[in-house]
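S.K.: Just passing along the structure, written as structure tokens.
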């Protein structure tokens, strides 16, 4: 694979598994040094070691990006280690499903904390470095990709607060894109459909068996590599081309 990201540094949140770890590996294959950010230190270390065995450069950063100070520290550690930041993939996410009536409001707080506040915290800390990279970096451009969902396009019963967070991600992405695109920081959103990851595993057994498992069994789901390759496509376009929105779902998925 051509080293389209040689000389650049990428930061990926939620990098300990699924889409995040696959994306970190993929960006490293493109030549980027990668900071992997997540809460599960051992899993991060395994992914970082795998990247380094393949000849890449990786930094494992244990952090909960829903905490602003930890998100800022993760960006700071990346700059301290690699000296710059060119690409941010806001992937950390949580999906807790169920009806609004009788819901556990603490689950709402957790989702908003990760899906919204985590993205905002990381973006706020990273943006000055991305603007600098766009001015003096090897590509003359920097990238933010926010991992949303088809749930940011279409609302469904039982997905209420998850829908809220992902619709919010889409709106924030477009607003920020308009703010910084003329400074050559590209801001895009990717909206996956059903992907075979651990995302649904935090739900109750009833939600898992009644909603998630039957849906996933009804079609051929995407793999994390499918999403990683799509993110790689977004951030390796020529300087003059920006992918603002990429909607990717299983061929058999209707909504």
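S.K.: For segment 229-254, give me each residue that is touching a residue at least 40 places away in the same chain (Cβ under 8 Å), part of a loop (DSSP other than H, G, I, E, B) and either over 21 Å from the mean Cα position of the chain (by Cα) or crowded, with 17+ Cβ neighbours inside 10 Å (or both).
M.R.: 236, 239, 242, 243, 249, 250, 253
S.K.: Within segment 154-176, can you find the residues that are touching a residue at least 40 places away in the same chain (Cβ under 8 Å), closer than 24 Å to residue 87 by Cβ, out of contact with any strand residue (DSSP E or B) (no Cβ under 6 Å at 6 or more places or on another chain) and surrounded by fewer than 21 Cβ atoms within 10 Å (Cβ to Cβ)?
M.R.: If the condition is that a residue be touching a residue at least 40 places away in the same chain (Cβ under 8 Å), closer than 24 Å to residue 87 by Cβ, out of contact with any strand residue (DSSP E or B) (no Cβ under 6 Å at 6 or more places or on another chain) and surrounded by fewer than 21 Cβ atoms within 10 Å (Cβ to Cβ), then 168, 172, 174 are the ones that fit.
S.K.: Could you check, for segment 197-219, whether at least one of its residues is touching a helix residue (DSSP H, G or I) at 6+ places or on another chain (Cβ under 7 Å) and either at positive phi or at pLDDT 95 or above (or both)?
M.R.: no
S.K.: Something else: Regarding segment 109-122, can at least one residue be identified that is surrounded by fewer than 20 Cβ atoms within 10 Å (Cβ to Cβ) and under 16 Å from residue 244 (Cα atoms)?
M.R.: The answer is no, given that none of the residues of segment 109-122 is surrounded by fewer than 20 Cβ atoms within 10 Å (Cβ to Cβ) and under 16 Å from residue 244 (Cα atoms).
S.K.: Could you list, in sequence order, the residues of segment 27-47 that are without any contact (Cβ under 8 Å) to a residue 40 or more places away in the chain, out of contact with any helix residue (DSSP H, G or I) (no Cβ under 8 Å at 6 or more places or on another chain) and buried (at least 24 other Cβ atoms within 10 Å of the Cβ)?
M.R.: 44
S.K.: Looking at the structure I just gave you, is residue 57 more than 14 Å from residue 143 (Cβ to Cβ) and surrounded by 17 or more Cβ atoms within 10 Å (Cβ to Cβ)?
M.R.: No.
The values are calculated or read from the model by the stated rules, or taken from the named source; none is laboratory data. The structure displayed is predicted, hence computed values, not measured ones. Neighbour counts are summed over all protein chains in view; Cβ atoms, including those assigned to glycine, are modelled from backbone coordinates with ideal geometry.
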